[in-house]
Amino acid sequence: MAHVSLKTIIAEAAKATPQKFEDWQKQWRLAAANGSQDTLLDFVSREAGLSEEVFLQQLAGVLKWPFVDLKKQTVPTEAKNKISTKVAFQYYAVPTDYQNGTLQVAVCNPFDTAMLNSVQFDAKMPVQFALAPKTEIDKALKKYYGVGAETLDELAKEDEPMDLLVEDKEITEGDQEASVIKFVNQIIWEAFKSRATDIHFEPAEDELRIRNRIDGILHQMEMPPQLKRYQAAIISRIKVMSGMNISEKRLPQDGRINVRIKGEEIDIRVSTVPTVYGESVSLRLLTRGKIFLTLDKLGFDPREEAAIREVVVKPHGIMLVTGPTGAGKSTSLYAFLSSINSVTKRIITIEEPVEYELKGINQIPVRSDIGLTFAMGLRHILRQDPNVVMVGEVRDRETAEIVIRASLTGHLVFSTLHTNDAPSAFTRLIDMGIEPFLVASSVEAVLAQRLVRNICPACKTERKVELDFLRKIGFPEKDIPTTKFYQGVGCETCRGLGYQSRQGIYELLVVTEALRPLIMSRAPATTIAQKAIEGGMRTLRNDGWVKVKAGRTTIEEVLRVTQTEEHLSLMDDKG
């Protein structure tokens, strides 16, 4: 294509004068000289104030090429197999149709002659090119070929796919290292982009399934069909990165990887367990710096926040946070500690493991393998003259007894318990063998919490909800006429999920003089809950309804995380 026709075509598509286009071209060259990765098309569409999709539609009209909406198009297997994985991924080319001996291929840059020639050569048949946005092509490649398919193709050509070298662990989008290394990096990169907190490699008889946990929900990654062949190499690579023994495949192992992604430090905790079909590997991604939330960012009701602030500045007592794994308990504890962290207070924590490092706080990791348990560590912490102690979890009688003793000897103690709601914390401690009068006199407050997904703001739309359904689930009757209900329909921003990020729902039980006799008389959790609700405690579900009324989450999310509430019957008439 001659330069003059190129100028005319792009200028016409952008609805700009040739002179204006020349100015853009000069600016683009200058930006490229300064390291910009934008193509001329990217630059022109942005300067013209057009989205990539609209610009490519106009460009397709000028070129007389078809424009393909890949969101609505299914790629036939027959067409997909006409182009090699390597060419498809290298040049962002997706075969979209095959008819009468002609292959239709969607591309995003019609002026890349190297790409056009390579696709023509690879297809070995007549090719009709079409235009589609690069982001949609990228999604289609991962959907139909699988994440990292081109890397596995490279592996298939190698006799020995086990080039496992330990090197500087910088993960980038275009990592050009050895194929196994590159593939593992691509998986971590994709998970990071999706805001995943966990990656699970799960071997089965005929596949290696890879799933990401995004906002608390597991999603399966699209994987190339030949992935199972490289299971041993992939798992060995992860074990090398995390400093594990790669020859030991019969015992569970734990390790840690520190990587940089786009300049951001990521801690990855790695765990392996042996299964029937090989080792199952779990990666927990912890982003340093994202944890440092302040109390006001956790989404408490102003009344509850004020009550928590009163508890965390007390000179002694116990503050417990309860909830299942992944409910955000650690985040809340770190926020409490950050709010009282000062040069006048000595704060010591014992955790398993230390998830995030807090400046000015002494943090001790549990090492069960050498006998450093919560109980042993806590016993020694108390000789270190602390003002505030945080214990990762109270899981046995010995730890519970030391925590109680610490609070009664003038220490403020924070810890977690695995119970479904706040009132159950008292019965759990008593079941562990702690005397009820000690529980009643030392525990100051219990916070139960869950995480609900937020509705994606980009695709949030109003919805209708049946009145009978709202009554059945106990939605406050008085609020039904005035409440607008919303949902996310799924869009580009949230990757079609309808949700983006999470927030907490809370149930705060502050121990009052009215509750102490009940705890001392071993009253059941439901009786304690009834009394606490009468005193103004808001249950998890009712706090969820507040978030629904504010339009921040959906009814389904609240029901999903509060189904195990033990005192649902007590809430029907409470706002």
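Summary table
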item: Total residues in the range 322-338, condition open to solvent by 20 Å² or more (accessible area, probe 1.4 Å) and over 10 Å from R450 (Cα atoms); result: 3
item: Test set (1) assigned to a loop (DSSP other than H, G, I, E, B); (2) closer than 17 Å to Q186 by Cα - R250 fails condition number; result: (2)
item: Matching residues, the range 52-66, being under 34 Å from the mean Cα position of the chain (by Cα) and in contact (Cβ under 8 Å) with a residue 60 or more places away in the chain; result: E52, E53, L56
item: Matching residues in the range 154-204 - criterion: being polar (S, T, N, Q) and either at pLDDT 55 or above or buried (at least 20 other Cβ atoms within 10 Å of the Cβ) (or both); result: S179, N185, Q186, S194, T197
item: Hits in the range 97-119 (condition: in contact with a strand residue (DSSP E or B) (Cβ under 8 Å, 6 or more places away or on another chain), within 14 Å of K82 (Cα to Cα) and part of a strand (DSSP E or B)); result: D97, Y98, T102, L103, Q104, V105, A106
item: In the range 545-554, residue farthest from L518 (Cα to Cα) [restricted to those that are open to solvent by less than 10 Å² (accessible area, probe 1.4 Å) and over 21 Å from the mean Cα position of the chain (by Cα)]; result: G551
item: Residues that are in contact with a helix residue (DSSP H, G or I) (Cβ under 6 Å, 6 or more places away or on another chain) and hydrophobic (A, V, I, L, M, F, W, C), drawn from the range 316-346; result: I318, M319, L320, V321, A335, F336, I340
item: Residue match in the range 442-459 (condition: assigned to a loop (DSSP other than H, G, I, E, B), at pLDDT 90 or above, small (G, A, S) and open to solvent by 50 Å² or more (accessible area, probe 1.4 Å)); result: yes
item: Long-range neighbours under 6 Å by Cβ, at least six apart or interchain, first residue over 26 Å from D42 (Cα atoms) within the range 101-128, second part of a loop (DSSP other than H, G, I, E, B) and open to solvent by 30 Å² or more (accessible area, probe 1.4 Å); result: T102/P126; L103/K82; L103/M125; D122/S84; A123/K82
item: Selection from the range 53-70 of residues that are open to solvent by 60 Å² or more (accessible area, probe 1.4 Å) and part of a helix (DSSP H, G or I); result: E53, Q57
item: Residue count for the range 472-529, restricted to those that are part of a strand (DSSP E or B), open to solvent by 50 Å² or more (accessible area, probe 1.4 Å) and charged (D, E, K, R); result: 1
item: Test: residue in the range 70-90 that is modelled with pLDDT of 85 or more and not aromatic (F, W, Y); result: no
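The values are calculated or read from the model by the stated rules, or taken from the named source; none is laboratory data. Predicted, not measured: the structure shown is a model, and the values here were computed from it. We place every Cβ from the backbone using ideal geometry, glycine too, and count neighbours over all the protein chains shown. Accessible surface is based on the protein model in full, side chains and every heavy atom, while ligands, DNA and RNA are left aside. Shrake-Rupley method; radii C 1.70, N 1.55, O 1.52, S 1.80 Å.
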